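S.K.: First the structure, then my questions, so here it is.
FYI, it's all coordinate maths here, none of it is from the lab. Everything numeric here is computed off the predicted structure, so don't read it as measured data. Here the Cβ positions follow ideal geometry from the backbone for every residue, glycine too, while neighbour counts run over all protein chains shown.
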Ligand SMILES: Cc1cc2nc3c(=O)[nH]c(=O)nc-3n(C[C@H](O)[C@H](O)[C@H](O)COP(=O)(O)O)c2cc1C
């Protein structure tokens, strides 16, 4: 069950750098990308958008409502090596609504089913749907079940449910994650009504204890804000859910520092800082001081001058060198 423990898609948060950190903390968690619209993917620099590193068990979330475009985008996602492609039917933001995507799709169950069919026909990885339990006044169980049933009848068996409704007018996306009350009962009921489908529960889960209790009832749990504000929670959850040996904060810090240096050298976020030469990302190439900065392949004389100025490493020589 690869979705037993999941980190939720979060725009502006779960980019590839965040997922790299989460992967270091938890090798078995399913990680979801931020949502990207089909238009941005198909007409933009898709290789850049889909780039991901050391990111096994990861899913890419698409925003869209055109079956043909979703199929095309899903194919790109599969080719980029993701294990799952996810359709967003839960985002309530005004901009997303204007594009006719996200949570407003809950009013169009037939269209969502068609989108699912087109995506599922195009790829061999699982296609999943992340949704709310309702929108506006369509918030009773019958509406929720009718929405799920259309996609279920089209073959979808994997859903992630943010267990609160979305109010499309008058609440900001942030308020829509806090004000409508959580209702796990809808998710309990739909899991009973469709026992061969998998409903991953999401919304308001913050502790390892909660995860433990919910995993008795549901095949999987998804957490968003809690691991983002306290990433080390993932280590505790990984240990509890998968029985994996905990990784230390120091080890993660070392590896992530190396990753940052590597990314900076690749020009991802401006110029690499002088200290970056000391922290190659891969453990195999990791060297502990003392060593001379000239011994580093990437270190140019200017870098050394800068090192001397910034960190005073003039005297850190490799054994035997002068
Ligand atoms: C900053 C932020 C951005 C989000 N972006 C997305 C998104 O791109 N796609 C999506 O399906 N949900 C998005 N969500 C909703 C989360 O996936 C999740 O459903 C919600 O935060 C509830 O889970 P939590 O209580 O564990 O945080 C976002 C949430 C936050 C806080």
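S.K.: Estimate the FRET efficiency between residue 68 and residue 265 by the formula 1/(1 + (r/R0)^6), using the beta-carbon distance for r and 30 Å for R0, to the nearest 0.05. All intermediate terms of the calculation are to be shown ahead of the outcome.
M.R.: Values: r = 40 Å, r/R0 = 1.33.
Efficiency computed from Cβ-Cβ geometry: 0.15.
S.K.: Next question, about the same structure. Of all DSSP beta bridges in region 5-242, what percent run antiparallel (nearest 5)? Working shown, then result.
M.R.: Details: 1 of 32 bridges.
That works out to approximately 5 percent antiparallel.
S.K.: Among 264, 35, which comes first, then next, by fewest other beta-carbon atoms within 10 Å? Could the numbers behind the result be given before it?
M.R.: Values: 264 15, 35 25.
Ordered by Cβ neighbours within 10 Å, fewest first: 264, 35.
S.K.: Can you give me the Rg/Rh ratio for region 1-150, using Cα atoms for both radii and the Kirkwood formula for Rh? Present the calculation step by step, with values, prior to reporting the outcome.
M.R.: Values: Rg = 14.9 Å, Rh = 15.5 Å.
Dividing the radius of gyration by the Kirkwood radius yields 0.96.
S.K.: Another question about this same structure. Can you tell me the order of 177-183, 246-252, 56-62, 98-104 when each peptide is scored by its average per-residue count of other Cβ atoms within 10 angstrom, highest first?
M.R.: Highest-to-lowest ranking by the protection proxy: 56-62, 98-104, 177-183, 246-252.
S.K.: Can I ask one more? How big is the Kirkwood radius of region 153-241, worked out from every pair of different alpha carbons and given in Å to one decimal?
M.R.: This gives a value of 14.2 Å.
S.K.: How high is the FRET efficiency from residue 56 to residue 137, r the C-beta distance, R0 51 Å, rounded to 0.05? Write down the numbers at each step before the final one.
M.R.: Details: r = 42 Å, r/R0 = 0.82.
Calculated value: 0.75.
S.K.: Compute the Rg to Rh ratio over region 1-49 from the alpha carbon atoms, using the Kirkwood formula for Rh, and round to two decimal places.
M.R.: Numbers: Rg = 12.2 Å, Rh = 11.8 Å.
So for region 1-49, dividing Rg by the Kirkwood Rh gives 1.03.
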